[in-house]
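Since every read-out is calculated from the coordinates, none of them should be taken as a lab result. Keep in mind that this is a model prediction, so the values were computed, not measured. Here the Cβ is made from the backbone with ideal geometry for all residues, glycine too, and neighbour counts use every protein chain on show.
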Amino acid sequence: MVEHSVVFSFFLIFTGAAVLASVALYTRQPLLVAYIVLGAALGPYGWALVSDTSLLADISHIGIIFLLFLLGLDMQPSHLLHMLKKATLVAIVSSLLFMATGYGVGRLFGFTQTEALIIGAALMFSSTIIGIKLLPTTVLHHRHTGELVVGLLLLQDVVAILVLLLLYSGPGGDTGVMDFVKAVAALPLLTLGAVIFVRYVLLRLLQTFDRFHEYIFLVAIGWCLGMAELALAVGLSAEMGAFVAGVTLATSPISLYIASSLKPLRDFFLVLFFFSIGASFNLSLIELILLPSLLLTALVLVIKPVAFRFLLQRISESNKLAWEIGFRLGQTSEFSLLIAYLATSMSLIGQEASHVIQATTILTFLLSSYLVIFNFPSPIAVSDRLRRD
C-alpha cells in the first residue's frame, strides 16, 4: 500500500468532497452521503488512496468537539437544567428498550451472549453529530424542540460513558468501581470550576481585549479544547467538556460572535469525520454481516421514532413534536463505533460482530439523514421550504 502525505490526503478528501457534493446537490441528496461514500471509495478497503484513516479520525474528532462547544453557546443554563430533569426518564427507558432490541437480534443470529450485549449497548445511543448537525442553529436551538433533543443526547452521553467504563473494567481492562464514582462526581465539579473560571477570569480577559478579534478567536478555541482535555482527564468525554465550556459562556454577549466565527472551522473537521466513517469500513465482510445489519437498521429506524414518540407523549409533549424528535434521534451513534472498536481491541467481540455494529451505524446515519432532511427543517434540507440555517 502506497503511503501518501497528509497534504495529499487532504487534497483528495476536499477536492473529492467538492465534486461529490456538487453531484449530491444536483440530485437532491444529503451532503453527508457524499462524504461517507467518498471515504469508502478512497479508503483502504476501496481504492486505498487514503490509507492513514486513524490519523484522520483523530483529527476529525475535533469537529465533534467544536460542534458541542457551539451548541453549548446557544443554550441558556436555566433552560438546559429544566430540560435535563424532564428528559431523564425518557432517556433511561428508551436506552433499556433499544439495548433489549439489539441483544435479541444478536442472539437470533448466533452471536455469543457477550457479543449480543455489546450489540445491544451500541444501539442505545443516538448520534450527537447527526442530531445536532441537522438542527437549524438559528431556529430550533432557542425552542423547545432543540432543548429536548439536546437534553436527551446529553443524558445518553452520560450513559455512554458508563458503558465505556464497563468495557474498560471487563477482561483485560483495569478500571474499577472508583472510576464510576469519579465519573459521577466529575461533571458537577467540572461545571462549577468552569463557571468560576469564566466569571472571574475569562470574561474579564475578553471584555478587556474585545477589540482584538484574533485574540477572542484564540481564547475561544483554547477554552473549548482545554475543557475537552480536562473532561477526559477526570473520566468524562471530550464532548461533554466542550459542551460545558460553551454553556458557561452562553450568558455573555460575546458568545454570539464566537459562535459565528467558529462555524467554518467546525464544518472543516466534520467533513473529515464523515469521510473517516466511510473509510474505516471493511467492504469484504458485507456478505457475512448483511442480514443482521439490515435487520438492526430497519428496527432502529422504526423502533426509535415510535419509542421516543410514545415516551415523550407520556411527559405531555405534543404528538407532532414527539414524532419530530423521534425521527431526529432515529439512528445509532458515533459512540456505537467507539464501543465496537474498544470491544474488539479487548477481544470481547469478534470482527463479525464489530462490523455488524459499524454497518448498522453507517446505514442508520445515512437513512436517518434522508428522513430528516426530506421532512423537517434543517440546514442541509434539499427543499427551500425546509432549509433553515
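Extending 7 Å from the Cα toward the beta-carbon at both Phe212 and Arg107 defines two label points whose distance is 6.3 nm.
Rounded to the nearest 0.05, what FRET efficiency is calculated for Glu287 and Val19 with R0 set to 30 Å and r the Cβ-Cβ distance?
Working: r = 30 Å, r/R0 = 1.00.
Computed FRET efficiency for Glu287 and Val19: 0.50.
Two tests apply to each whole DSSP H helix in the chain, Cα reach of 24 Å or more along its axis and mean Kyte-Doolittle hydropathy of at least 0.5, and the ones passing both are 6-26, 53-73, 77-108, 144-168, 177-197, 213-233, 254-279, 286-314, 351-375. Using the Cα gyration tensor of the stretch 1-127, with a ≥ b ≥ c the square roots of its eigenvalues, what is the shape: rounded (a/c below 1.5), prolate (a/b larger than b/c) or oblate (neither)? Judged from the Cα gyration tensor, the stretch 1-127 comes out oblate (a/c at least 1.5, b/c at or above a/b).
Rounded, prolate or oblate, given the Cα gyration tensor of the chain, with a/c below 1.5 counting as rounded? Cα axes put the chain in the rounded bin.
Distant-in-sequence amide contacts of Ala48, defined by a placed amide H-H separation under 5 Å and a gap of 5 or more residues or a different chain, comprise Gly43. Our helix-only sum for the chain, with -39,500 (n - 2.57) per DSSP H run of n ≥ 4 divided by its residues, gives a mean residue ellipticity at 222 nm of -25500 deg cm²/dmol.
Multiplying the sequence separation of Phe374 and Leu321 by 0.36 nm and subtracting their Cα-Cα distance, what value in nm do you get?
Working: separation 53, 0.36 × 53 = 19.08 nm, distance 1.63 nm.
Difference between extended and current length: 17.4 nm.
In nm, give the distance between the simple-model label positions of Tyr200 and Phe10, each being 7 Å from the Cα along the Cα-to-Cβ direction. About 4.0 nm, to one decimal.
Could you check the spin-label model distance between Trp47 and Leu162? Points 7 Å from the Cα along Cα→Cβ, value in nm. Roughly 4.7 nm, to one decimal.
For Lys320, a cut-off of 24 angstrom between C-alpha atoms picks up these lysines, skipping any fewer than 8 places away in its own chain: Lys85, Lys86, Lys133, Lys304.
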